[in-house]
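S.K.: Let me give you the structure first, and then I'll get to my questions.
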Amino acid sequence: MAVGAFNPLSGTTGVVVTRKRPGHFIALSEDGRIDAVLAQNVKLADALEKRAAISVNNAMQGPNDGSAPNAPAGGVKSVDPYDITIAMPAEDGEPVVSDADRDAFAKFRMAYDVTLEATPFKITGVLLLLPSQDPLSLTERGTELFLPVFVPQVQIGGVTLQDTPRDALLVNRSHLRRVSANMRR
């Protein structure tokens with residue numbers, strides 16, 4: 001069963017990613033946020049899936065809820081994907097899922113409205129999964145470390161983050177604690 005006409009941007013709020021600066025991303029963890037630029041010319045999702053430290057430039061750090069300005073993180077030259085709970089493009093960064101990939105996902109995958117709990121975050125949005133995938137099994141070990149969540153909304157301590165992209169972000173499966181999902185109609 002194909003998903004049909006899934007439009008991830010219809011009726012959403014959040015930051016419109018302008019895609020001017022390749023490799024500019026934000027990584028959220030339990031300890032805070034890192035705003036950095038990938039040192040190599042590679043897509044963020046591909047760099048994360050290598051499961052090795054990612055070399056970064058111009059790293060800034062701050063609280064994960066964005067309540068204070070970021071400050072230079074002089075000693076941060078790499079980021080470990082296993083430490084990242086959520087990875088997303090900065091406002092001027094590239095999307096984490098290309099338009100072509102999103103279109104292919106929408107044609108061949110099932111759409112689920114989901115709520116994902118990954119301490120301290122609560123992520124709501126749409127997951128596009130293969131018909132053979134059960135959304136409730138996402139907390140189990142899988143081949144992909146990060147899952148794209150479309151039309152995301154992220155909360156921390158009941159407060160919605162205002163700088164999440166409207167199109168998609170990536171959630172680390174190893175940080176998932178609870179998954180609630182309903183198939184979209």
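The values are calculated or read from the model by the stated rules, or taken from the named source; none is laboratory data. Every value quoted in this text rests on a predicted model; they were computed, and no experiment measured them. With ideal geometry, Cβ positions are generated from the backbone for all residues, glycine too; neighbour counts draw on all protein chains shown.
S.K.: Considering only residues that are touching a Phe, Trp or Tyr at 6+ places or on another chain (Cβ under 8 Å) and over 23 Å from residue 83 (Cβ atoms), which ones fall in region 106-134?
M.R.: Residues of region 106-134 touching a Phe, Trp or Tyr at 6+ places or on another chain (Cβ under 8 Å): 106, 111, 125-130.
106, 111, 126, 128, 129, 130 - these are the residues of region 106-134 that are touching a Phe, Trp or Tyr at 6+ places or on another chain (Cβ under 8 Å) and over 23 Å from residue 83 (Cβ atoms).
S.K.: Tally time: how many residues in region 129-185 are free of Cβ contacts under 8 Å to residues at least 24 places away in the same chain and assigned to a strand (DSSP E or B)?
M.R.: 2
S.K.: Taking residue 151 as the residue in question, decide whether it is touching a Ser or Thr at 6+ places or on another chain (Cβ under 9 Å), closer than 23 Å to residue 90 by Cβ and surrounded by 17 or more Cβ atoms within 10 Å (Cβ to Cβ).
M.R.: Considered against the rule, which asks whether it is touching a Ser or Thr at 6+ places or on another chain (Cβ under 9 Å), closer than 23 Å to residue 90 by Cβ and surrounded by 17 or more Cβ atoms within 10 Å (Cβ to Cβ), residue 151 comes out as yes.
S.K.: I'd like the full set of residues that are surrounded by fewer than 16 Cβ atoms within 10 Å (Cβ to Cβ), over 23 Å from residue 145 (Cα atoms) and aliphatic (A, V, I, L, M), limited to region 63-84.
M.R.: If the condition is that a residue be surrounded by fewer than 16 Cβ atoms within 10 Å (Cβ to Cβ), over 23 Å from residue 145 (Cα atoms) and aliphatic (A, V, I, L, M), then 68, 71 are the ones that fit.
S.K.: Suppose the filter is buried (at least 16 other Cβ atoms within 10 Å of the Cβ), more than 22 Å from residue 27 (Cβ to Cβ) and touching a residue at least 60 places away in the same chain (Cβ under 8 Å); does residue 109 pass it?
M.R.: Criteria met by residue 109.
S.K.: Name the single residue, out of those in region 11-55 being closer than 18 Å to residue 167 by Cα, part of a loop (DSSP other than H, G, I, E, B) and aliphatic (A, V, I, L, M), that is modelled with the lowest pLDDT.
M.R.: 17
Every residue, every condition in (1) within 23 Å of residue 33 (Cα to Cα); (2) among the aliphatic types (A, V, I, L, M), yes or no:
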| position | (1), (2) |
| --- | --- |
| 86 | yes, yes |
| 112 | no, no |
| 155 | yes, no |
| 172 | yes, no |
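S.K.: Of 52, 87, 47, which residue is buried (at least 20 other Cβ atoms within 10 Å of the Cβ) and over 19 Å from residue 118 (Cβ atoms)?
M.R.: From the options 52, 87, 47, the qualifying one is 47.
S.K.: If you scan region 113-125, which residues turn out to be in contact with a Pro (Cβ under 9 Å, 6 or more places away or on another chain) and at pLDDT below 95?
M.R.: If the condition is that a residue be in contact with a Pro (Cβ under 9 Å, 6 or more places away or on another chain) and at pLDDT below 95, then no residue fits.
S.K.: When region 130-155 is examined, which residues are found to be closer than 19 Å to residue 113 by Cα, of a type in the set (A, V, I, L, M) and modelled with pLDDT of 90 or more?
M.R.: 147, 149, 151, 154
S.K.: A further question on this structure: Could you tell me whether any residue of region 78-96 is free of Cβ contacts under 8 Å to residues at least 60 places away in the same chain and either assigned to a strand (DSSP E or B) or more than 16 Å from the chain's Cα centre (by Cα) (or both)?
M.R.: There is at least one residue in region 78-96 that is free of Cβ contacts under 8 Å to residues at least 60 places away in the same chain and either assigned to a strand (DSSP E or B) or more than 16 Å from the chain's Cα centre (by Cα) (or both).
S.K.: Quick one: which of 120, 131, 81 is under 21 Å from residue 173 (Cα atoms) and touching a helix residue (DSSP H, G or I) at 6+ places or on another chain (Cβ under 7 Å)?
M.R.: 81
S.K.: Here are some residues: 117, 144. Which one is closer than 22 Å to residue 51 by Cα and in contact with a Lys or Arg (Cβ under 6 Å, 6 or more places away or on another chain)?
M.R.: Working: 144 fails: in contact with a Lys or Arg (Cβ under 6 Å, 6 or more places away or on another chain).
Residue meeting the stated conditions: 117.
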